[in-house]
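Below: one structure, written as structure tokens.
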Amino acid sequence: MEISANGWPASKDQAKLGIKSYPVPGTAIKLRCAEAVAPLLIGLAAEFHELIEPLDVGSLDDWGYCYRPIRGETTKLSNHSSGTALDLNASKHPLGQSNTFDPLKVPMIRALAHKYGCIWGGDYK
């Protein structure tokens, strides 16, 4: 089986990974992720919604599982390919753009990611 950048199994076949759609408490959205990490990712998303900024406002730009390579790569698979990554409010915080969050919220985002054993995309290399 293929693996994503973080070493988790990745597949085009969502059933092999246990990908399911989970409601994010306090919102009207659902996110697709691997069952094994759902409590962590959904918990993170719920707290992000509560503490950082609302998720279900404006465009539908919150997502999880998507089988694809890392942007700019041809063979290395994104962590989204294993259902172990989320993009939250992606249209407000596009890949490669800096300073899209309130600077006072950045330490909170890092602490929240750390609490759930994740790496914030703004720090991901």
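Any read-out appearing in this document is the output of simple, stated calculations on the displayed coordinates, not a laboratory observation. The structure presented is a predicted model; accordingly, all values stated were derived computationally and were not measured. Note that each Cβ is placed from the backbone with ideal geometry, even for glycine, and that neighbours are counted across all protein chains shown.
Does the range 88-96 include one or more residues that are surrounded by fewer than 18 Cβ atoms within 10 Å (Cβ to Cβ), in a loop (DSSP other than H, G, I, E, B) and in contact (Cβ under 8 Å) with a residue 40 or more places away in the chain?
No: zero hits.
Restricting attention to the range 57-73, which residues are closer than 21 Å to I19 by Cβ and either assigned to a loop (DSSP other than H, G, I, E, B) or not hydrophobic (A, V, I, L, M, F, W, C) (or both)?
Scanning the range 57-73 gives L60, D61, D62, G64, Y65, C66, Y67, R68, P69, I70, R71.
Within the range 106-125, can you find the residues that are outside any helix (DSSP H, G or I), surrounded by 14 or more Cβ atoms within 10 Å (Cβ to Cβ) and touching a residue at least 12 places away in the same chain (Cβ under 8 Å)?
Correct list: Y116, C118.
Looking at the structure I just gave you, is I19 out of contact with any Leu (no Cβ under 7 Å at 6 or more places or on another chain) and surrounded by 15 or more Cβ atoms within 10 Å (Cβ to Cβ)?
Working: out of contact with any Leu (no Cβ under 7 Å at 6 or more places or on another chain): yes; surrounded by 15 or more Cβ atoms within 10 Å (Cβ to Cβ): yes.
Here the answer is yes, as I19 does meet what is asked.
May I ask you to verify whether V106 is of a type in the set (A, V, I, L, M), over 16 Å from W120 (Cα atoms) and out of contact with any Pro (no Cβ under 7 Å at 6 or more places or on another chain)?
Values: of a type in the set (A, V, I, L, M): yes; over 16 Å from W120 (Cα atoms): no; out of contact with any Pro (no Cβ under 7 Å at 6 or more places or on another chain): yes.
Here the answer is no, as V106 does not meet what is asked.
In the set A28, A38, A46, which member is farther than 13 Å from G121 by Cα, loosely packed, with under 14 Cβ neighbours inside 10 Å and of a type in the set (G, A, S)?
Answer to the check: A28.
Would you confirm whether any residue within the range 51-71 is surrounded by 12 or more Cβ atoms within 10 Å (Cβ to Cβ), under 20 Å from C118 (Cα atoms) and among the hydroxyl-bearing types (S, T, Y)?
Scanning the range 51-71 turns up at least one residue that is surrounded by 12 or more Cβ atoms within 10 Å (Cβ to Cβ), under 20 Å from C118 (Cα atoms) and among the hydroxyl-bearing types (S, T, Y).
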